[in-house]
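Student: Okay, handing you the structure first.
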Ligand code: SF4
């Protein structure tokens, strides 16, 4: 299973929670006001799921890819 991550930068308010939860996946951009995705696909969902739950504007979306079948889960 792979996990695809999408980040809605428009709604990101730059709180930094995602970077704190999953620094391998998210990083604040050069302005420090928006998060950037470092990885768009990961194998371990735990960190990114926590980040998605912590995000105050719910702008992190996760899609699960089970052996070719895609399932979507709202963060
Ligand atoms: S947790 Fe959400 S609002 Fe906060 S920096 Fe990350 S993506 Fe932006």
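Student: Please say if the chain is rounded, prolate or oblate, where rounded means a/c under 1.5 for a ≥ b ≥ c the square roots of the C-alpha gyration tensor eigenvalues, and otherwise the choice is prolate for a/b larger than b/c and oblate otherwise?
Tutor: Numbers: a/c = 2.09, a/b = 1.82, b/c = 1.15.
Prolate.
Student: According to a simple spin-label model (label point 7 Å from Cα along Cα-to-Cβ), what is the distance in nm between residue 50 and residue 10?
Tutor: My value for the distance between the label points is 3.1 nm.
Student: Before anything else, pin down the relative contact order of the chain: Cα pairs under 8 Å, at least 6 apart, normalised by residue count, whole percent. Before the final figure, lay out the partial values.
Tutor: Details: 143 pairs, mean separation 28.9, N = 75.
For the chain, the relative contact order is 39 percent.
No lab work stands behind these numbers, since they all come straight from the coordinates. Nothing here was measured: the structure is a model prediction, and the numbers come from that model. Here Cβ is always computed from backbone atoms with ideal geometry, including for glycine, and neighbour counts include all displayed protein chains.
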